[in-house]
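The values are calculated or read from the model by the stated rules, or taken from the named source; none is laboratory data. What you are looking at is a predicted structure, and each value in this text was computed from that prediction instead of being measured. Here Cβ is always computed from backbone atoms with ideal geometry, including for glycine, and neighbour counts include all displayed protein chains. Remember, those area values only see protein heavy atoms, side chains included, never the ligands or the DNA or RNA. Shrake-Rupley method; radii C 1.70, N 1.55, O 1.52, S 1.80 Å.
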Amino acid sequence: MTKYRLLSRTLNFFHFKRKNWFLLKFGFFVFALIVFCEYIIYYLVIFQCRWPEVKTVASGNKEQTPEPVLKVIFLADTHLLGEVNGHWLDKLRREWQMERAFQTALWLLQPEVAFILGDVFDEGKWSSPEAWAADVERFRRMFRHPPHTQLIVVVGNHDIGFHYEMNTYKLQRFKKVFDFGEFFSIKGINFVMVNSVAMEGDGCNICSSMEAQLIKLSHLLNCSRQENHSSPKCFGVQQLSASAPILLQHYPLYRRSDAECTGEDSAPPEKKNILFQERYDVLSKEASQKLLWWFQPRLILSGHTHSACEVLHDGKIPEISVPSFSWRNRNNPSFIMGSITSVDYSLSKCFLPLEHTVLTIYCTAENP
């Protein structure tokens, strides 16, 4: 009887040990799976992105140094969810994805400047002061950056509301957080940031004030171009870099639709032929022409549509629509990488992990 009890206890011990070993292996497998899908995969995907090459020829004789190259990333439409429309689980998932993607990109690519082209928040157009403060705190945590990287944010309609919702209070609280201005220059490269929500053309106070600022800025930039230095209108005007500016805004310039847009991250086929509404989906024809006349930009980047597109304005000025950076808006988010000098530029696209790829890995692991 004693031998039987001893044997039984020995068998129970080994059974318990086997069970614990199985649970330990299973726990480690689940942990490794989560770490891979929620952390490592961002490094594996973004590591494949490369800065595009750009010519760095000297601007004059051979003794001059080559034009310095600025490394910039452009992203758009992060749409951080608010307290009204944002379910806590959706917020947790999407914000983790964007935080990991942005932080991994900063670590691997080391950009000097990062631009976000509007709609940082989803509910800035109606959020209370308390909700706004909470959203800003989350944004600062997600998009934290080292001192050697500058983060510049352009205003979008979800940040301050469409034109009929926009007011001075919403605009000023956005400016207070992001120090939103119309002009930024670095390494001789000029960037013009436009509050496209205020390009309504109806003479509202905010619209009139912004247009006056843009007209003044266009005068400075145009006078700074070498061929205009001798013009009487430019006498005594502050000299800026002579480089043609890059225009950054949330709304795209006017185009009929996305019918001509191509690429794997362009609008889906069923939406490409839907006509855009002026002052809602795109800027009006009049506002678009004003910006082209005022600044004669060499490049335009915009957001808002959540899909990619390349358009040529006046047969010579390219506009790049940057897709949404949020997996809530698309299965294949991305951002634009730019190598820019004062005389040239080169762009490439860096895709982020596909949503369905991550889900497939999880499902396959559960059912090997």
* Structure fact -> In segment 128-143, anything farther than 15 Å from Phe178 by Cβ and in contact with a helix residue (DSSP H, G or I) (Cβ under 9 Å, 6 or more places away or on another chain) is listed as Pro129, Arg141
* To do: Please determine, by comparing only the residues of segment 262-276 that are of a type in the set (S, T, N, Q) and within 19 Å of Ser324 (Cβ to Cβ), which one is most open to solvent (accessible area, probe 1.4 Å).
  => Thr262
* **Pairs, first in the same structural domain as Asn332 (by the TED database) in segment 260-289, second aromatic (Phe, Trp, Tyr) and open to solvent by less than 50 Å² (accessible area, probe 1.4 Å), C-beta under 7 Å, six or more apart** => Val282/Tyr251; Val282/Phe276; Leu283/Tyr251
* Within segment 55-76, can you find the residues that are at pLDDT below 90, touching an Asp or Glu at 6+ places or on another chain (Cβ under 6 Å) and not polar (S, T, N, Q)? -> Lys55
* Please note which strands (runs of 3 or more DSSP E) are completely contained in segment 253-368 and include at least 2 residues that are of a type in the set (Phe, Trp, Tyr). => 345-351
* Asked: Looking at this structure, is Val84 assigned by the TED database to the domain that holds Leu253, of a type in the set (A, V, I, L, M, F, W, C) and farther than 29 Å from Ile189 by Cβ?
  -> yes
* Please give the number of the condition Lys290 fails out of (1) closer than 23 Å to Glu99 by Cα; (2) open to solvent by 30 Å² or more (accessible area, probe 1.4 Å). => (1)
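Quick one: in segment 286-321, which of the residues that are among the charged types (D, E, K, R) and out of contact with any strand residue (DSSP E or B) (no Cβ under 7 Å at 6 or more places or on another chain) is farthest from Ile215 (Cα to Cα)?
Among those residues, the one meeting the criterion is Lys316.
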* Long-range neighbours under 6 Å by Cβ, at least six apart or interchain, first residue under 15 Å from Glu130 (Cα atoms) within segment 80-92, second aliphatic (A, V, I, L, M) and outside any strand (DSSP E or B) -> Gly82/Ala131; Glu83/Ala131
* Do you know which residues across segment 293-312 are under 21 Å from Asn190 (Cβ atoms) and open to solvent by less than 20 Å² (accessible area, probe 1.4 Å)? -> Phe295, Pro297, Leu299, Ile300, Leu301, Ser302, Gly303
* Looking at Arg279, Arg330, which is the one that is buried (at least 17 other Cβ atoms within 10 Å of the Cβ) and within 22 Å of Asp90 (Cα to Cα)? -> Arg330
* Structure fact -> Apart from one, (1) assigned to a helix (DSSP H, G or I); (2) at positive phi all hold for Gly203; the odd one out is (1)
* Asked: Does any residue of segment 113-130 turn out to be within 15 Å of Arg173 (Cα to Cα), in a helix (DSSP H, G or I) and within 14 Å of the chain's Cα centre (by Cα)?
  -> no
